[in-house]
């Protein structure tokens with residue numbers, strides 16, 4: 001579909017390009033090197049695809065679109081941490097409407113946004129679970145770097161957020177994340193030079 005308002009489409013793409021400049025504000029309490037909003041969104045998309053495969057949900061295109069938009073209102077509203085949320089009102093519905101107004105995506109995205117907010121479909125459940133699992137991955141990474149953020153947040157997350165997960169697969173990955181070393185994917189790889197290459201220890205004859 002060719003839009004008559006290509007300037008509006010390009011303005012939207014510039015706003016998406018700037019999304020990487022939106023910081024996730026939970027870092028202000030613990031100051032770790034956490035992902036920005038664009039990085040978080042990329043991670044959520046891949047986690048959601050993984051959960052979809054595990055749950056045998058086949059509408060991957062829809063899942064990816066919901067994952068890509070799930071935090072987009074923060075482009076205009078900003079992120080709000082768990083303390084600030086008690087004091088401010090964010091107009092996310094208005095923000096997403098204004099972001100997409102006049103673009104080729106307008107009608108579809110607004111419908112998908114409502115679906116995500118209502119949390120009544122398997123696709124919406126998967127993306128929300130992916131959103132929470134991405135934080136778990138970051139916390140595990142920070143823990144292995146020796147940062148105290150994980151110890152501070154773990155009790156509340158295990159008591160409250162774990163039981164809000166929608167899918168069985170998300171609960172499985174949640175527990176597996178806590179047991180897995182973030183460096184195993186490369187340090188224990190058969191292709192690592194220490195394991196199969198020229199740095200492998202060879203017994204003397």
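The values are calculated or read from the model by the stated rules, or taken from the named source; none is laboratory data. Here the structure is a predicted model, which is why all the values come from computation and not from measurement. A quick note on method: Cβ atoms are made from the backbone with ideal geometry, for glycine too, and the neighbour counts reach across all protein chains shown.
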- Considering only region 129-171, how many residues are assigned to a helix (DSSP H, G or I), within 17 Å of the chain's Cα centre (by Cα) and under 19 Å from residue 55 (Cα atoms)? 11
- Note on the structure: With criteria (1) over 17 Å from residue 81 (Cα atoms); (2) in a helix (DSSP H, G or I), residue 40 comes up short on (1)
- Search result, residues across region 172-184 that are in a helix (DSSP H, G or I) and farther than 19 Å from residue 44 by Cα: 179, 184
- Inside region 56-86, can you point out the residues that are modelled with pLDDT of 95 or more and outside any helix (DSSP H, G or I)? 56, 57, 58, 59, 70, 71, 72, 73
- Taking first residues from region 106-120 that are at positive phi and touching a residue at least 24 places away in the same chain (Cβ under 8 Å) and second residues anywhere that are surrounded by 13 or more Cβ atoms within 10 Å (Cβ to Cβ) and not in a helix (DSSP H, G or I), the pairs with Cβ under 8 Å that are 6 or more apart or on different chains are 119/166
- Item | Residues located in region 146-202, provided they are touching a helix residue (DSSP H, G or I) at 6+ places or on another chain (Cβ under 9 Å), at pLDDT below 90 and farther than 20 Å from residue 34 by Cβ | 192, 194, 195
- Query: Across region 116-149, what is the total count of residues that are within 20 Å of residue 75 (Cα to Cα) and surrounded by fewer than 17 Cβ atoms within 10 Å (Cβ to Cβ)?
  - Reply: 1
- Item | Residue among 63, 57 that alone is crowded, with 20+ Cβ neighbours inside 10 Å and more than 18 Å from the chain's Cα centre (by Cα) | 57
